[in-house]
Amino acid sequence: MTERKPKVLIIEDEPEIRRFLRISLEAHGYVVVESRLGEEGLGLCAKERPDVVVLDLGLPDIDGQAVLARLREWSTVPVVVLSVRSDEQEKVTALDAGANDYVTKPFGISELLARIRGLLRSAQAERDSLPRFQAGEIAIDYVARTVCVSGSPIHLSRKEYKLLQMLTRHAGQVLTHQQILDHVWGEGHRGDTHYLRVLVGHLRQKLGDQPAAPKYIVTEPGIGYRFIAE
């Protein structure tokens with residue numbers, strides 16, 4: 001039986017970018033559905049059931065942020081926002097509203113494809129409820145709550161483990177400071193980003209990860225963190 005090709009819905013009003021994305025995605029084995037309007041894109045998402053949505057924010061009928069908000073009322077499909085809006089607050093707003101990743105135009109197709117692959121793997125892992133996670137030299141047993149690096153167990157504090165579990169369960173996805181703070185510390189610590197920076201630093205040290213050349217945890221400046229899914 002032939003394996004089903006993953007389907008990508010592109011909601012983008014610029015025909016040149018839609019054409020470029022369609023050619024690139026189809027060349028890498030994806031089925032592509034297109035829309036230039038937000039309203040039409042929402043309808044196609046319900047009808048076509050894509051595996052990933054690539055969403056532009058500057059649409060001619062309704063703003064992409066509104067499309068995202070309405071989509072999240074009924075769907076958990078992974079969404080990559082693709083936009084010329086590079087303002088950090090715009091990115092944070094989209095990510096907090098339910099976007100899984102944010103890529104700024106102009107963009108490299110290799111990076112976008114890597115982000116899409118990461119989101120597909122993350123969605124598959126969530127569907128399968130995998131009890132284990134492996135990436136490079138890191139191995140996590142979620143059931144036993146153990147973490148090994150290069151085959152040797154390491155000790156993590158409760159918050160360090162909770163952070164690592166969240167990052168790896170959403171590997172390939174950008175998680176905002178607020179999302180992580182709410183999960184690890186609770187809503188009473190929403191402004192304590194310095195706590196998070198310290199915790200990430202301790203976790204990186206124990207994983208043997210270098211901030212300047214990360215193998216695992218990537219800093220998204222002003223926004224949050226992403227665990228490399230490759």
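The values are calculated or read from the model by the stated rules, or taken from the named source; none is laboratory data. Quick caveat: nothing in here was measured; it's all calculated off a predicted structure. For neighbour counting, all protein chains shown are included, and Cβ atoms are generated from backbone atoms with ideal geometry for every residue, glycine included.
A residue that is closer than 16 Å to I10 by Cβ and aliphatic (A, V, I, L, M) can be found somewhere in the range 88-103.
Per this entry, A66 is not counted among residues that are within 20 Å of A123 (Cα to Cα), surrounded by 15 or more Cβ atoms within 10 Å (Cβ to Cβ) and not assigned by TED's automatic domain parsing to the domain that holds L175. Among helices (runs of 4 or more DSSP H) entirely within the range 89-196, having at least 3 residues that are exposed (fewer than 15 other Cβ atoms within 10 Å of the Cβ) and at negative phi singles out 109-128.
A66 meets the conditions (1) under 27 Å from F20 (Cβ atoms); (2) within 11 Å of the chain's Cα centre (by Cα) in every case but one. The failed one is (2). If you take the residues of the range 197-230 that are assigned to a helix (DSSP H, G or I) and in contact (Cβ under 8 Å) with a residue 24 or more places away in the chain, which of them is surrounded by the fewest Cβ atoms within 10 Å (Cβ to Cβ)? Once the filter is applied, the top-ranked residue is H202.
Considering only residues that are of a type outside the set (S, T, Y) and without any contact (Cβ under 8 Å) to a residue 60 or more places away in the chain, which ones fall in the range 26-35?
First, the residues of the range 26-35 that are of a type outside the set (S, T, Y): 26-29, 31-34.
If the condition is that a residue be of a type outside the set (S, T, Y) and without any contact (Cβ under 8 Å) to a residue 60 or more places away in the chain, then E26, A27, G29, V31, V32, V33, E34 are the ones that fit.
Do we have D56 as within 17 Å of the chain's Cα centre (by Cα) and under 24 Å from Q165 (Cα atoms) here? Answer is no for this residue.
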